[in-house]
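Enquirer: Would you mind keeping the following structure in view while I ask a few things?
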Amino acid sequence: MTTFPIDARKPFAAQVDVSEDSLTVHLIDGRVLSVPIDWYPRLAAASRPERDNWRLIGRGEGIHWADVDEDISVDSLLLGQGSGESQHSLQKWLQSRAATG
């Protein structure tokens, strides 16, 4: 029986691109992850400047968008997990944006 060693190095983000349709994350190991922007409703509702205002957190273990209070981990992207925010919370956030915008 042949076994393969598991590479336990944690994946880290190096670059992030957010378009009208997708969130694309470039990892330091050369992989590129791309998921529909609709997986993250706050990013989908964000303006171009808000989408572009991101920073890496935890040495690249995740991405933070301060303007829309969104955090996404590389692990959740690799697992294919979208936002876990409830519809109630999202609606409350959207209403607060409309009231201040």
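Enquirer: Within segment 62-73, how many residues turn out to be out of contact with any Lys or Arg (no Cβ under 6 Å at 6 or more places or on another chain) and either of a type in the set (Gly, Ala, Ser) or not in a strand (DSSP E or B) (or both)? Please lay out each step first, then the result.
Expert: Taking segment 62-73 first, the residues out of contact with any Lys or Arg (no Cβ under 6 Å at 6 or more places or on another chain) are 62-63, 65-67, 69, 71-73.
Cutting the leftovers down to either of a type in the set (Gly, Ala, Ser) or not in a strand (DSSP E or B) (or both) gives us 62, 66-67, 69, 73.
So the answer is 5.
Enquirer: Continuing with the same structure: I'd like to verify a number: residues in segment 28-37 that are in contact with a Ser or Thr (Cβ under 9 Å, 6 or more places away or on another chain) and either under 21 Å from residue 87 (Cα atoms) or not in a strand (DSSP E or B) (or both), how many? Walk me through how you get there before you give the answer.
Expert: As a first pass, look at segment 28-37 and keep what is in contact with a Ser or Thr (Cβ under 9 Å, 6 or more places away or on another chain): 32-37.
Still in the list and also either under 21 Å from residue 87 (Cα atoms) or not in a strand (DSSP E or B) (or both): 35-37.
Here the count works out to 3.
Enquirer: Among the listed residues 50, 85, 70, which satisfies the condition of being at pLDDT below 95, within 15 Å of the chain's Cα centre (by Cα) and not polar (S, T, N, Q)?
Expert: Working: 50 fails: at pLDDT below 95; 70 fails: at pLDDT below 95.
Result of the check over 50, 85, 70: 85.
Yes or no, residue by residue, for (1) aromatic (Phe, Trp, Tyr); (2) out of contact with any Leu (no Cβ under 6 Å at 6 or more places or on another chain); (3) part of a strand (DSSP E or B):
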{"position": "11", "(1), (2), (3)": "no, no, no"}
{"position": "26", "(1), (2), (3)": "no, yes, yes"}
{"position": "50", "(1), (2), (3)": "no, yes, no"}
{"position": "75", "(1), (2), (3)": "no, yes, no"}
{"position": "85", "(1), (2), (3)": "no, yes, no"}
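Enquirer: Somewhere in segment 48-63, is a residue of a type in the set (Lys, Arg) and crowded, with 19+ Cβ neighbours inside 10 Å? Show your work before the answer.
Expert: Of all residues in segment 48-63, those of a type in the set (Lys, Arg) come to 48, 51, 55, 59.
Now drop any that are not crowded, with 19+ Cβ neighbours inside 10 Å, which leaves 51.
Within segment 48-63 (the criterion being of a type in the set (Lys, Arg) and crowded, with 19+ Cβ neighbours inside 10 Å), the answer is yes, since at least one residue qualifies.
Enquirer: Taking segment 53-89 only, how many residues are among the charged types (D, E, K, R) and under 12 Å from residue 23 (Cβ atoms)?
Expert: 1
The values are calculated or read from the model by the stated rules, or taken from the named source; none is laboratory data. No experiment lies behind these values; they were computed from the predicted model shown. Reconstructed Cβ throughout: ideal geometry from the backbone, glycine too, with neighbour counts over all protein chains shown.
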